Structures are given as C-alpha cells and as structure tokens.
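A short write-up of the structure that comes next.
The values are calculated or read from the model by the stated rules, or taken from the named source; none is laboratory data. The model shown is predicted, which means the values in this text are computed figures rather than measured ones. Here the Cβ positions follow ideal geometry from the backbone for every residue, glycine too, while neighbour counts run over all protein chains shown.
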Amino acid sequence: MGIDTPLYVILGAGVVGLTTALELKTRFPASEVIVVAKHLPGDRSVEYTSPWAGANWLSMATDNGVQEEWDAVTFKKFERLSRQSPECGIRRMDIRAIFDSPIENAGILSQGTGKIWYEKLVGGLCEVPTHELPQGSNFGYDLSTFMINVQSYLPWLQVQVLKAGIDLRRAKFDDINRLFESFPTAKAFFNCTGLGSYSLKGVEDHNVYPTKVRHQLLSLLSHMTLGGPTILYYYRRLYPETDTYVFDIQGQILLVETPSKPLEKMYFRSPKRVASDTTYVFPRFPHGGVVLGGCRLDGVWDGNIDLDFAEDIKRRCCALCPDLGKPEDLKVLYHAVGLRPSRKGGPRIEKQFYGNRMVVHNYGAAGAGYQASWGMAKYAVDLIIQTSHL
C-alpha cells in the first residue's frame, strides 16, 4: 500500500458488510479495503445472521424517505445481477401477497401518500380476484420481485470481494478502540456488526435486539445448494444483561423439499406486513428446497424447538400453497434457530467521530438486510464523501 493510498476498514462480513466493501471499492478503486470479522461466509453460527435468511425482496419500508430509497436501489441492483450474473443466486420470481387486515391497516401504505410506494418500481401490482382469496383474508396482490438463494448469494459476494482485491480477514474485535489501534492509518471505519453492536465496546447500542428465528429444515439431500447442508443449531442467549430497550422476538420457519413440479411463485400471507403470525412460502431454485414460515414471538430467549408449532406452519403453508402437497407428506430434516439484527428506531446509518477517527455505523436492518443491502451500502459510503474530515 502506498503512503497516499486511503485505507478503509469494515468490521463485519455479513451481507451488509460485504456489500459495503464492494460499494467502497467501486467508488474508490485506488483505495485499500479490509474486511475483518469473527464469522465469514461458510460459517454456521447463531451469531452470524446472514446464512439463515429466507430471503426475497418484499419491501417493509413505508417511511416515504431513505428506507424506501435503500430498497429501491437494491431492487435495481438485483435486477442487473439476475441478468448479468445468474450464478449469484438471485432470480426474478412472482409473489402473491395476501393480507387479512384492510389495506389501510396492513402497514404497507407509504406515509404521506397512502400508496404502495413500489408499485411502479416492480412493474405494477395485480389485484388478486376475490374468488382466489383464502378464507378470512381481506385483499391481496401479485407482483414480480426477486428470490434470493442465500446459500448461493453469500458465497458469491465473498468471491466478488476477493476478486476486487479486498482483503478479507478473520479476527475478533470486542472493542472498537482496539480496531483503531490495529489500523492506525485507516481514514474511516465501517461498523457492520449487526447484533454485535449491542456489546461492542465503544458502541454498546442497547437499542439493538435480536429477532429470533427458529427453523425447521427439510431439504432434498441429493440437491444441496452451494454452501453445504443447512445444519441444526440452537440459540443461546448471547447477552445475559437485561435492558428496557432489549428484547427477543422468536420465529420459526422450515426448509422443505422442492415438489416434483417446482413452484413458480412465492406466497405470503399476514394480518399486516410485519406481524407475529405471518405465513410464507419461498422457493429456492433450482433444487434448493422451499422455505416455509413462520412466526415472531416477543421475549422468548430459549432455543427449544416447538414441534407442535412446526406442524402448524406446515398446515398453514400447504393451505396457502396447495402445490406443496399434504402437510403429513413433508419430510422434516432439521429444526433450527437463528437471529436477526433488529433495532428500536430502525436501522442506524450515521457517522460518529471518536476523536479524529470516523466510524460509519451501518446495522440494524432486522429482516430487511438483503433487500436493503445495496441501498444501505450506498448511503453509508455517501457519508464519507460528505465529510470534510477526509
């Protein structure tokens, strides 16, 4: 590294950290970018959120502001990637979204406009005919969006990082000041530690809390996707402290074998956009199984698998998507538990100075980490351009 070559250091190698690294290197190609993290793609730790996502693009943002912008930027990036790099694991796919609440109470209308902000972005919304609505539902619409096979996409991101000449290092930092000491010449640091920001000394953001996701996994062993089989794991309480800002939300999902006739769309049903008893069916093409879910339970810290609830998920998903077959015919392979990096007040993307050290925080996306990742990365990198300290 030359004496005048700017150095940027990113702490965290989940989807947000890796995407931020690529955004930095694209915007500053002459710079040196280093990613340091305790966990890297291929790891299967409860502390490492990104490998356990569903995942797809179905925006939860309604702020009529930056969060909608982050999702829009990411949608457009996914559109390019799905065409130019189909091996990345992103594929255009329709989804049918069903809501039990009236539209004004469903949490999908943008503030100030009263409209679904992404209608034009996705190419339009098609109302589900009344006779096709499930019993007890209020309305629904079909749209064209993206399915993300995270077992392909996360390793693909890692490959792109290495191809770009970004240094990827495994290291554990419990104190942000130790990070400063290890990289004294760095011009800026990016904190992409997700849940780690709760306990990272010097940050200790107690607005961060885990959204707990329990998985029941069923997969076709002869067609495992890139990254190897999904393994059984249990959540252990990461942080023994209690805090009025910190609580746990438990959820449960399944990965089931791809039906003999692969599903052609995703399905989603919920009382409102974010609820405790959401039902969803997300295929992972071509033979990566089908993700079924789910639930969110507040204040549940244990890692016990609820087999009765797993049966309820199967029944709900098969009712929503009859092409899955009968619930009793689904062969359960794994049960598992994972976390999402949620934060009261929403994601934190802002710069903070520690003396003459600038840190850009980029974490707290909860379940929107993939679908907001490129927009969040762009916004975070924009912050170092806007400052006069560099």
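Is it the case, given these coordinates, that Ile116 is at pLDDT 95 or above, among the aliphatic types (A, V, I, L, M), in a loop (DSSP other than H, G, I, E, B) and surrounded by 21 or more Cβ atoms within 10 Å (Cβ to Cβ)? Let's see the steps before the verdict.
Working: at pLDDT 95 or above: yes; among the aliphatic types (A, V, I, L, M): yes; in a loop (DSSP other than H, G, I, E, B): yes; surrounded by 21 or more Cβ atoms within 10 Å (Cβ to Cβ): no.
So Ile116 fails the test.
Name, by its number, the condition in (1) part of a loop (DSSP other than H, G, I, E, B); (2) touching a residue at least 60 places away in the same chain (Cβ under 8 Å); (3) in contact with a Pro (Cβ under 8 Å, 6 or more places away or on another chain) that does not hold for Leu58.
Every listed condition holds for Leu58 apart from (3).
Looking at the range 123-136, which of its residues are part of a loop (DSSP other than H, G, I, E, B) and either touching a Pro at 6+ places or on another chain (Cβ under 9 Å) or over 28 Å from Phe78 (Cβ atoms) (or both)? Even if it seems obvious, please write down each step before you answer.
First, the residues of the range 123-136 that are part of a loop (DSSP other than H, G, I, E, B): 123-125, 128-129, 133-136.
Passing the criteria: Pro129, Leu133, Pro134, Gln135, Gly136.
Determine, yes or no, whether Val150 is at pLDDT below 95 and closer than 23 Å to Val73 by Cα.
Here the answer is yes, as Val150 does meet what is asked.
Restricting attention to the range 143-166, report how many residues are surrounded by 14 or more Cβ atoms within 10 Å (Cβ to Cβ) and either touching an Asp or Glu at 6+ places or on another chain (Cβ under 6 Å) or of a type in the set (Lys, Arg) (or both).
1
Sort out which residues of the range 18-51 are out of contact with any helix residue (DSSP H, G or I) (no Cβ under 6 Å at 6 or more places or on another chain), surrounded by 21 or more Cβ atoms within 10 Å (Cβ to Cβ) and among the small types (Gly, Ala, Ser), and write them in order of number.
Once the filter is applied, which keeps residues that are out of contact with any helix residue (DSSP H, G or I) (no Cβ under 6 Å at 6 or more places or on another chain), surrounded by 21 or more Cβ atoms within 10 Å (Cβ to Cβ) and among the small types (Gly, Ala, Ser), the range 18-51 yields only Ala37.
The conditions are (1) in a helix (DSSP H, G or I); (2) within 25 Å of Ala368 (Cβ to Cβ), and Met147 fails exactly one of them. Which is it?
Condition (1) is where Met147 drops out.
In the range 107-126, is there at least one residue being within 19 Å of the chain's Cα centre (by Cα) and of a type outside the set (A, V, I, L, M)?
Checked the range 107-126: at least one residue is within 19 Å of the chain's Cα centre (by Cα) and of a type outside the set (A, V, I, L, M).
Do we find that Val9 is closer than 16 Å to Asp382 by Cα, of a type in the set (Val, Ile, Thr) and not in a loop (DSSP other than H, G, I, E, B) in this structure?
Criteria met by Val9.
Given the structure, is Arg96 within 28 Å of Phe139 (Cα to Cα), outside any helix (DSSP H, G or I) and out of contact with any Gly (no Cβ under 7 Å at 6 or more places or on another chain)?
no
Give the residue, chosen from Val291, Val359, that is assigned to a strand (DSSP E or B) and at pLDDT 95 or above.
Val359
Out of curiosity, is Gly299 crowded, with 17+ Cβ neighbours inside 10 Å, modelled with pLDDT under 95, within 23 Å of the chain's Cα centre (by Cα) and closer than 15 Å to Pro210 by Cβ?
No, not satisfied.
Failed condition for Ala164, given (1) over 30 Å from Lys265 (Cα atoms); (2) modelled with pLDDT under 95; (3) of a type in the set (Gly, Ala, Ser), with all others met?
(2) is the only condition that Ala164 fails.
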